[in-house]
Amino acid sequence: MAEPQAIHLKDYLPPAYLVDDVALKFDLDDHATRVSARLKMRRHPQREAGLPLELFGTALRLTHIAIEGQPLDEDEYRLDAERLVIAKVPERFELTTEVIIDPAANTALEGLYRSSSMFCTQCEPEGFRRITYYPDRPDVMATFTTTVIGDRERLPVLLSNGNPTESGELPNGRHFVTWRDPFPKPSYLFALVAGALEKVEDHFTTVSGRQVTLQIWVERENLDKTEFAMGALKRAMKWDEEAYGREYDLDLFMIVAVNDFNMGAMENKGLNIFNSSAVLANPATTVDANFQRVEGIVAHEYFHNWSGNRVTCRDWFQLALKEGFTVFRDQSFSADVNSAPVKRIEDVSVLRTMQFAEDAGPTAHPVRPESFIEISNFYTLTVYEKGAEIVRMLRQLLGAERFRTGADLYFSRFDGQAVRVEDFVSSMSEAGDVDLTRFMRWYAQAGTPVLDVEGEYDAKAQVYRLKVRQHTPATPGQPAERKLPLHLPLRLGLLDAGGAAIPLWLDGESRGTDTVVELFEAEHEFRFERVPSAPVPSLLRGFSAPVKLRFPYDREQLALLVKYDEDGFNRWDAGQRLALAAIEEVMLALQAGAEPRLDPTLLDVFTHLLDTPSDDLAVLAEMLKLPSEAYIAGEQEAIDIDAIHQARRFVTRALGEALEPRFRALFEANQSEAPYAPSFEQIAQRSLRNVALGYLCATGGEKALHLAQHQFEQDRNMTDVRAALTLLAHSDAHQLGDPAVKAFGERWAHDPLVMDQWFAIQVTRPQPDVLDRVRFLMRHPAFSIKNPNKVRALIGAFANLNRVNFHRLDGEGYRLVADVVIELNRLNPDIAARIVTPLTRFQRLDAKRQSLMRAELERIRREPLSRNLFEVIEKALA
Ligand code: 0A1
Ligand code: ZN
């Protein structure tokens, strides 16, 4: 096999031929589905005449090919494993082909495949070429007519994009439905679903008064899990009309839940296909966080109808054009319908723990990469989450109103087109009347920028000088000396020693108590006037830019910010900084063999938080959570896996012991009698209650564990049950944990999504016996290596969340994950390349672990690798 080659953005050329209209016919069969295609094509007006026609195709058996009805001779075209090339075609022509494909053998879950009892498709980014020969690239947009033929008994429901136009009976117990999608679209938005599905239906009236039928299609046993997603869809449709003036454009909007899916969901035009985990929810089976995930993903896919489908990407390098903007839109929606500060805290936590780790690892890449080997590897936290932060900064720089004008301009100017990041940014620049030339660097430069800030108070002059320096560390292919200063908004305020906000005067101008300064250069100095006393700065409020901010805060200053800052996000962040310092102090003590202590400032802050009535319980719950092991590791220059785990445990336990009566009271006070609702008020209460229970159980006291056991048995809703079960299962009290785990597994054996939670709880147990448990569970009847949700719940949760055991010094954790990666490489290359990630993050670990991890990557490299895994492994071992 030839080594896979990289594709470069700078080599982009428009396609030689365009497709205006497509007619597809699917004759569905498990192993031999026949796909007939008729493409109306013409030469691209900007390309020269006489170029060969190049179509992509993978794992297709060609049975017929003709141009203008004239079958081609074998010497008129060339076929290889990935392409069909026809040397000579007219200026304008009709191409017809027929191929046979094997959906039942498709374990990669790209193209047409089987999931449970149904057929479904996944075409983004390059799955359509597994369905038929086609110029499978997003700058080729066509209208589609799709006829689906299947067995009436087995496949009573036959769906595709757009509106149904015709249906009927056929001989041999077969039937058909024809669908027409009037909106030109790239092939990646094509979808087909067939199966014994049932639906729930609802309606939405758009602002202009059009009636849209909404349908959610599921297998019968899931009908009782659709109500929440339907509500979320209607909320999202309404929100997009109000916040962005975007109205839905077809008469029908469908969502289908499938069990086997590589990602969360997919925005196919009029027919969104969802991983069942991202759409199904009810109180008996679903935890609060998953209700919110469902709401966010339903909204995300719906919002793509404008940011992605009506205006799409010219090429896959522009992926963040649709993803960054759509993530920003779904984050804003969730913030508006729930608690905005908590949503921001959650989004920033994901960014800082996971995206920052990606930026610091071997696969770091710009939000708009310059090259790739396999585009599926670039559906990353960098493209999605950092991409969303870039849009958020634009909104901060322009202000809400001009940002909206920019969005309107972008949608109207580029409707129906496949465009580039530049087109989005220039719409914003025009609407906002701002120069965004430097801002474009955010798309090109990889790595997390660091802001080093220093403050200097001149009491005599009553002036506070804030010096800000920025730099971005080196990333693969981008040495530090080539990194340029970025344009970013820094939101800030100043507090006096009593915690009161100091009025801001900058260059003789009053700026209230909260302002945004802009950085463009490597260094800036801001001179605040009329500052009556030495201030404590509150910097990067709301996390106004995706950077690491360094300021030499002492613990008292952090405590002051926690208690008094007017920005909720920065109150939380100051608490995290304080907790991190306290944990790091314990780590040092443990490493030195000294007696660790609990930082009295942290204890004081926790006491204050627990004793002060709060009007935002959701934020309070977040403030009481210690930074995760992954976040702590991200802050270390040399990562000591065991010290991080021990120190975090020590601090949790010490807080639990010192504040036991308060946590006990908090636990009692947040027991609600109201029937379950995933409302943010109730979610905040449950979150507080379970945080309190966590601290109580951390003391190891029997009384606390019995509280957990009682909560487990009370069985009020899945959120409380799972929280209690996790504490029991992760405790040393086997006599309580084991029966609870067993009972839960038996009770929910019939429900795959609950079993995923059951797997994850068990494999994140910190005790060293967990490895046997992982191996044992891999043979459990509810596990299947072919199902991505199962792999994520068992292997993904183990490798990412059980850091002490994944990083065991005997290398057994690494070996187990590598074995799974090798098997997945043959079955599902996309998932293989994602599951391997933790094995590639060895850069700041000790020499012993580094060599064990590298050895596993070398072992994987000896396999015949898919393009996906090849790219990741080469980068990791470079
Ligand atoms: N566009 C989808 C993400 C997606 C990407 C690839 C997939 O299959 C390989 C599936 C979904 C989204 O952003 O939701
Ligand atoms: Zn998306």
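Bear in mind these aren't lab numbers, they're just calculated from the coordinates by the rules spelled out. These figures come from a predicted structure and were not determined experimentally. Note that each Cβ is placed from the backbone with ideal geometry, even for glycine, and that neighbours are counted across all protein chains shown.
Okay, here's what the table says:
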| item | result |
| --- | --- |
| Local net charge near ALA284, Cβ-Cβ under 14 Å (Lys/Arg +1, Asp/Glu -1) | -3 |
| Pairwise centroid distance, computed over Cα atoms, of segment 542-613 with segment 97-170, Å | 54 Å |
| LEU51 paired with ALA743, simple spin-label distance in nm, labels 7 Å along Cα-to-beta-carbon | 6.8 nm |
| Euclidean distance between Cα centres, segment 325-385 to segment 226-244, Å | 22 Å |
| In segment 202-307, trypsin sites (Lys or Arg not before Pro) in a DSSP loop with at most 16 other beta-carbon atoms within 10 Å | ARG210 |
| Stokes-Einstein translational diffusion, the chain - Kirkwood Rh over all Cα pairs, 0.692 mPa s, 37 °C, in µm²/s | 113 µm²/s |
| Given LYS225/LYS786; LYS40/LYS875; LYS269/LYS786; LYS185/LYS875; LYS25/LYS234; LYS25/LYS238, the pairs whose alpha carbons are separated by over 30 Å | LYS40/LYS875; LYS185/LYS875; LYS25/LYS234; LYS25/LYS238 |
| Relative contact order [Cα under 8 Å, 6+ residues apart], segment 748-878, whole percent | 20 percent |
| Degrees, to the nearest 10: 752-763 long Cα axis against longest axis of the chain | 40 degrees |
| Helix 847-861 vs. the chain, principal-axis angle (Cα, 0 to 90°, nearest 10) | 10 degrees |
| Extension gain (nm, one decimal) between GLU509 and LYS548, 0.36 nm per residue minus Cα-Cα | 11.2 nm |
| Formal net charge of residues neighbouring ALA108 (Cβ-Cβ distance under 9 Å; K, R +1; D, E -1) | -1 |
| Length-normalised contact order for the chain - Cα pairs under 8 Å, 6+ apart - percent | 8 percent |
| Inter-centroid distance (Cα atoms) of segment 807-878 relative to segment 682-697, Å | 37 Å |
| Estimated 222 nm signal from helices in the chain, with DSSP H stretches of n ≥ 4 weighted -39500 (n - 2.57), rounded to 500 | -12000 deg cm²/dmol |
| Length-normalised contact order of segment 355-440 in % [C-alpha pairs under 8 Å, at least 6 apart] | 24 percent |
| Residue-count net charge about ALA497 - beta-carbon cut-off 15 Å; Lys, Arg +1, Asp, Glu -1 | -2 |
| Estimated D of segment 748-878 in µm² per second, where Rh is the Kirkwood radius over Cα pairs and Stokes-Einstein applies at 37 °C, 0.692 mPa s | 221 µm²/s |
| Helix axis angle, 319-337 relative to the chain longest principal axis, alpha carbon, degrees | 50 degrees |
